[in-house]
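Below: one structure, written as structure tokens.
The values are calculated or read from the model by the stated rules, or taken from the named source; none is laboratory data. Since we're looking at a predicted model, the values are computed, not measured. Here Cβ is always computed from backbone atoms with ideal geometry, including for glycine, and neighbour counts include all displayed protein chains. Side chains are part of the model used for accessible areas, which takes the heavy atoms of the whole protein and leaves out ligands, DNA and RNA. Shrake-Rupley method; radii C 1.70, N 1.55, O 1.52, S 1.80 Å.
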Amino acid sequence: MTSSIDLDQPTLASLESAAALVYESMPPTPQYRWPLLESRVGTEVWVKHENHTPTGAFKMRGGLVYFDDLCRTGRPAGVVTATRGNHGQSVGFAARRYGVPATIVVPHGNSVEKNAAMQALGVELIERGRDFQEASEAAAEIAAERGWHRLPSFHPLLVCGVGTYALELFRAVPNLDTVYVPVGMGSGLCGVIAARDALELDTRVVGVISTEAPAFALSYREDRIISHEATTRIADGMACRTPMQEALDIARRGGARVVQVTDDEVEAAMRALFADTHNVAEGGGAAALAALLQERSAMQGRKVAVVVSGGNVDSDVYARVLASRPID
């Protein structure tokens, strides 16, 4: 792969180049203030709506940038990757655009509707393993067997691609004090840090991690990779068992802190987003708001943003969340 993008730290020029690629397939996503949500939180809140992309999640941006670079010297025979859903849709969308066969490996019991969305994009879907980590190991084996390109879940090109949403947010909303970003493997968090640094801003970037998938939080605090089982029932996109060292290094260097949120807090945030904005957020997509609600007292008087990273939640799961108790 021969990239024009700085693979150590995306520069402003790299992010703008990535944005131009992304905008060939989609427009910038909006960032809105919602009066009911601000009443609930008690301060000025901007919502970055990455649930409004053509695949319903932020990761689409990274896939487009990665494939553009991958195909510069000729199309590979095929690509293989592992996912819980949103990364797979990103790969499927970009693979179809560039005419590359794609195989996506998901763990058993994965989201039914995310699986269907990936298959609708023309990918071959294979179920392997009990969690993302085992699916990832299976993807590496399949890629080696076929001689196909193994597309990672974390890579500087993916970070640069998803960082374009942060570029939009920071340019549209000046003087943000804090941005809350959900964390799975960490590309979103690293992309926001990259855009913040490229624009030379002072905004605090807070990573949000599930208490039921605490590996990234444990690793962040101990400054070493710590694996931990992921048992979250709602935030499947955050279900990371073993973090990537590269993502951890960027987070520790550029992140303000990490906040852990429970499944109950995430589900409450999903209900709040629907009640206050009528937007559907998946568990990972609502996690940033869950963290802000947890810290709302400390955020009074500040201009803050939350990233709704995706809205791809199975309808039966969402119905259960909405019906589980009255609007919080």
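If Lys and Arg each add +1 and Asp and Glu each add -1, what is the summed charge of the other residues whose beta carbon sits under 9 Å from the beta carbon of R302?
With Lys, Arg at +1 and Asp, Glu at -1, the net is -1.
Here's the picture: charge each Lys and Arg Cβ at +1 and each Asp and Glu Cβ at -1 in the stretch 1-105, and of L37, V22, G85 the one pushed furthest to the positive end of that dipole is G85. Among the GluC sites (Glu not before Pro) found in the stretch 193-279, those both in a DSSP coil and sparsely packed, with 15 or fewer other Cβ atoms within 10 Å of their Cβ, are E200, E229.
Each label was represented as a point 7 Å from its Cα along the Cα-to-Cβ direction; for E24 and R224 these points are 4.5 nm apart. The relative contact order of the chain, computed from alpha carbon pairs under 8 Å that lie at least 6 residues apart in sequence, is 21 percent. I want the local charge near P214. Using Cβ-Cβ distances under 13 Å, sum +1 for each Lys or Arg and -1 for each Asp or Glu among the other residues. Surrounding charge for P214 is -2. Label-to-label distance, D177 versus A144, with points set 7 angstrom from Cα along the beta-carbon direction: 5.1 nm.
Length gained on full extension, H278 to Q119, computed as 0.36 nm times the residue gap minus the Cα-Cα distance: 54.5 nm.
Protein heavy-atom surface of the stretch 151-269, 1.4 angstrom probe: 45% of the accessible area is carbon and sulfur, with nucleic acids and ligands not counted.
Here the dipole of the stretch 196-328 is about 360 debye; that uses its Cα centre as origin and unit charges on the Cβ of Lys and Arg (positive) and Asp and Glu (negative). Other residues lying with their Cβ under 14 Å from the Cβ of R196 contribute a combined charge of -1, Lys and Arg counting +1, Asp and Glu -1. Which shape class applies to the stretch 191-328: rounded if a/c is under 1.5, otherwise prolate when a/b exceeds b/c and oblate if not, where a ≥ b ≥ c are the square roots of the Cα gyration tensor eigenvalues? In terms of gyration-tensor shape, oblate.
In this simple spin-label approximation, H108 and E295 carry label points 7 Å from Cα along the Cα→Cβ vector, and these lie 3.9 nm apart. Per residue, the solvent-accessible area of the stretch 186-270 (1.4 Å probe, heavy atoms of protein chains only, all protein chains present) comes to 38 Å². Estimated at 0.36 nm per residue, the fully extended path between R75 and E137 surpasses their Cα-Cα distance by 19.9 nm. Per-residue extension of 0.36 nm, minus the Cα-Cα distance of R130 and L199, leaves a gain of 20.8 nm for this segment.
Each of A143, A230, P214 was placed along the dipole of the stretch 128-267 (beta-carbon charges, centred on the mean Cα), and the one lying farthest toward the positive end is A143. Taking 22 Å as the straight-line reach from the Cα of K59, the lysines in range (excluding those fewer than 8 positions away in the same chain) are K48, K114. Counting only Cβ charges, +1 for Lys and Arg and -1 for Asp and Glu, the dipole size of the chain around its Cα centre is about 280 debye.
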